[in-house]
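First up is the structure itself, then whatever we jot down about it.
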Amino acid sequence: MTREGDVDEDKRATLRRFAALGAASPFARFGDSGSESDAPDAIAGYVSTHPGTHFSKLRDDLKLGTGEAQHHLHRLENEGVVTSQKDGDYRRYFPAGQFSEFEQVALGYLRRSTARGMLVTLLRRPDVTASELANELDVSRPTVSNYAADLESAGLLSREDGYAVTEPETVLTLLIRYADSFGDDVAALAGEADSLLRYDP
């Protein structure tokens, strides 16, 4: 049985770990704030290493309460440390001034497992068909079609002649740069980066 003290210590350790990242980042602005909480720097650190994360994921990973997370995120946005954008039912967070609009949209889709799986597969195998994508990702063909339509509307995918990632080097660079914050499918991609960056559809 987990005791309350163990939970609190686990939360403190998590916050300290991400606070160290936040304090080391160019986005940390809390040295003179007088705050005794590690939460603001932890959130800044988390967002810098998980750009495009949504509120619930950030809150849960940092073991924060909903109100606590909302309070600090609101403050961070007001101070120009992070920025956010609405993405369907989600609000996604980014370090302020670091990403273009295209990169923010790309990161939002890369945080979704099926969309990420499609993009990763297309980067590896530009000639893959919709049926092969469905088999590879263990989803239905209509699911692939629906995601492909969304990715095309977002400017990440062309469906003119099969499927093609519209800015493959940008998407691949984001995947590799933040590989640790994605799933195992991206970790395996890192070793292939050199050959894939030269891919020209």
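Couple of notes before you dig in:
- Of the residues making up the range 71-85, just one is open to solvent by 50 Å² or more (accessible area, probe 1.4 Å) and touching a residue at least 40 places away in the same chain (Cβ under 8 Å), namely Glu79.
- Failed item in (1) over 27 Å from Arg91 (Cα atoms); (2) in contact (Cβ under 8 Å) with a residue 40 or more places away in the chain, with Gly183 passing the rest: (1)
- Count of residues meeting criterion [under 21 Å from Gly45 (Cβ atoms) and open to solvent by less than 50 Å² (accessible area, probe 1.4 Å)] in the range 86-102: 6
- Considered as a group, the residues in the range 21-49 that are part of a helix (DSSP H, G or I), surrounded by 15 or more Cβ atoms within 10 Å (Cβ to Cβ) and modelled with pLDDT under 75 include one that is farthest from the chain's Cα centre (by Cα), and that residue is Ala23.
- Pairs where the first residue, in the range 59-70, is more than 15 Å from Arg91 (Cα to Cα) and touching a residue at least 24 places away in the same chain (Cβ under 8 Å) and the second is open to solvent by 30 Å² or more (accessible area, probe 1.4 Å) and basic (Lys, Arg), C-beta under 6 Å, 6+ apart: Lys63/Lys11
- Criterion (small (Gly, Ala, Ser) and without any contact (Cβ under 8 Å) to a residue 40 or more places away in the chain) met by exactly one of Ala96, Ala134: Ala134
The values are calculated or read from the model by the stated rules, or taken from the named source; none is laboratory data. Bear in mind the structure is a predicted one, so any value in this text is a computation, not a measurement. Ideal geometry is used to build each Cβ from the backbone, glycine not excepted, and the neighbour counts take in all protein chains shown. Ligands, DNA and RNA are stripped out before the accessible areas are found, and what is left, the full protein with its side chains, is counted by its heavy atoms. Shrake-Rupley method; radii C 1.70, N 1.55, O 1.52, S 1.80 Å.
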